[in-house]
Structures are given as structure tokens and as C-alpha cells.
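A short write-up of the structure that comes next.
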Amino acid sequence: MLINQLAHRTGVSTRALRHYDGLGLLSSRRLGNGYRDFAESAVEEVRRIRLLLDIGLGLQAVAQVLPCFDQDGALTACPTARERLRGQIRDLDSSIAELQRTRGLLAGALDDLVDI
């Protein structure tokens, strides 16, 4: 299928699809006219990429975790997936702690406001 068809079926821009293809996250072949031709399986591959991006992984991590999906599309417990997902949880925990600290400072500042 052509890139615009893949974009329509996945809701992902053609620019993003070209980027994924350039990074090797997707594979395509070139037609005689230079257009990219994607296999039907690319629809599911794009969905997997988007899932991993949506949970906060960067493209480098996505490239490392993609091979952990099995033939049925389930994410297997391969060491790379475990490591990357645990790392993402640690990063989120750090962000949450920082946000809670900032919220505490804001709440304190609000309590200290003087009415004029």
C-alpha cells in the first residue's frame, strides 16, 4: 500500500511514517516511480510504534522494544522490554515526585498570599 493509504488507515501523518521508515522502524520497498510500498503488516507495526510512543518511550527505545512483540502482536517479556518499561516507570515516578514538590510549593505560596 502507498504511504497515504497507510497514513489514512493508521491516523499517522505521512511525514511521521517517512521518519519511522528512515529510522528502520518500518520497512517498505520502492516502486519504479520511487514511491514507498508498505506491506499490509505495516498497519499493525505502526500501531505498535504508536503504543510505545504513547507510553512515553522515545524512538530509540521503540526500536529496541519492537522486536519483543510476538507474531500475535503481544509484547513479550523479553529483557529489553522489561528494562525499558521499568526505566520508563522510574522516570515517571521521578516526574511525579517533582510535580508533587512543586504543587506543595504553590500551595504554600497560595496560603501565604496577603489580601489587600
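At 222 nm, what helix-only mean residue ellipticity would the chain give, in deg cm²/dmol to the nearest 500, using -39500 (n - 2.57) for each DSSP H run of four or more?
-20000 deg cm²/dmol
Once you have the Kirkwood Rh of the chain from its Cα pairs, apply Stokes-Einstein at 20 °C and 1.002 mPa s and quote D in µm²/s.
After rounding, the answer is 127 µm²/s.
Dipole of the range 54-116 (Lys/Arg Cβ +1, Asp/Glu Cβ -1, origin at the Cα centre): which of LEU105, SER95, VAL62 lies farthest to the positive side?
So the residue furthest toward the plus end is VAL62.
Given a cut-off of under 8 Å on Cα pairs at least six residues apart, what relative contact order in percent is computed for the chain?
17
Can you pull the one-decimal nm distance between simple spin-label points at THR14 and MET1, each 7 Å off the Cα toward Cβ?
Spacing of the two 7 Å Cα→Cβ label points: 1.5 nm.
Taking Cα atoms, how many degrees apart are the long axis of helix 79-111 and the longest axis of the chain, rounded to 10 and kept between 0 and 90?
30
Helix 42-54: angle to the longest alpha-carbon principal axis of the chain, degrees 0 to 90, nearest 10?
10
Would you mind getting me the FRET efficiency between ASP93 and LEU23? Use the beta-carbon distance for r and R0 = 41 Å, nearest 0.05.
With a Förster radius of 41 Å, E is 0.90.
Here, each number is a calculation from the coordinates, and none is a lab measurement. The model shown is predicted, which means the values in this text are computed figures rather than measured ones. For neighbour counting, all protein chains shown are included, and Cβ atoms are generated from backbone atoms with ideal geometry for every residue, glycine included.
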